[in-house]
Amino acid sequence: MSRKPGDLIVKDPSAVEPYGFDYTTWLAELGSGVTIQTSTWSVSGPDALLTLSNTSVLTGSLKTQAYINAGTVGFRYTVTNRVVTNSTPAVTDERSFSVLVQDR
């Protein structure tokens, strides 16, 4: 499920769900044939219980995705995706969204 930078996701601690970003428009503005070369994900928050798995680059190297796992009820985390393009010189972008863990 594609997110917008700054979105807030409410997630159950037992849920394992895919989230990511669609970089299609941004990449097209950089030039024809520019795609995502690398994608890295990170989580910051009050503890280390919210984790990421199965990170990938999708759809012709234009979108990214990570599965969000676990988390502590009542805690809010920031999930960040950093991409680097295949262009010369390479361009770097970073986008984040928040995850609030609540029993649903």
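What follows is calculated from the coordinates using simple rules that are stated; it is not laboratory data. Here the structure is a predicted model, which means the values were calculated and not measured. No Cβ is skipped: glycine too gets one built from the backbone with ideal geometry, and neighbour counts run over all protein chains shown.
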How large is the charge dipole for the chain, taken about the Cα centre, if only the Cβ atoms of Lys, Arg (+1) and Asp, Glu (-1) carry charge, to the nearest 20 debye? 20 debye
Using modelled backbone amide H atoms (1.01 Å from N, in-plane), which distant-in-sequence or interchain residues come within less than 5 Å of Y23's amide H? K63, T64
Which of (i) 355; (ii) 85; (iii) 98 is the computed volume of the Cα convex hull per residue in Å³? It is (ii)
Choice from T92, T25, T80 showing the highest fluctuation, given a GNM over the chain with Cα pairs closer than 10 Å: T25
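Tell me, in nm to one decimal, what length is gained between S14 and D47 on full extension, where the rule is 0.36 nm per residue of separation less the Cα-Cα distance?
Gain on stretching S14 to D47: 10.2 nm.
Quick one: length gained pulling A28 to T59 fully straight, 0.36 nm per residue minus the C-alpha distance? Before the final figure, lay out each step's value.
On the way: separation 31, 0.36 × 31 = 11.16 nm, distance 1.39 nm.
My answer for the length gained is 9.8 nm.
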Rank L62, L52, L30 by mean-square fluctuation in a GNM of the chain with C-alpha springs under 10 angstrom and give only the top-ranked residue. L30
Spread of Cα-to-Cα distances over 10 Å intervals beginning at zero, given as percent, for segment 1-59: 16, 48, 27, 9, 0
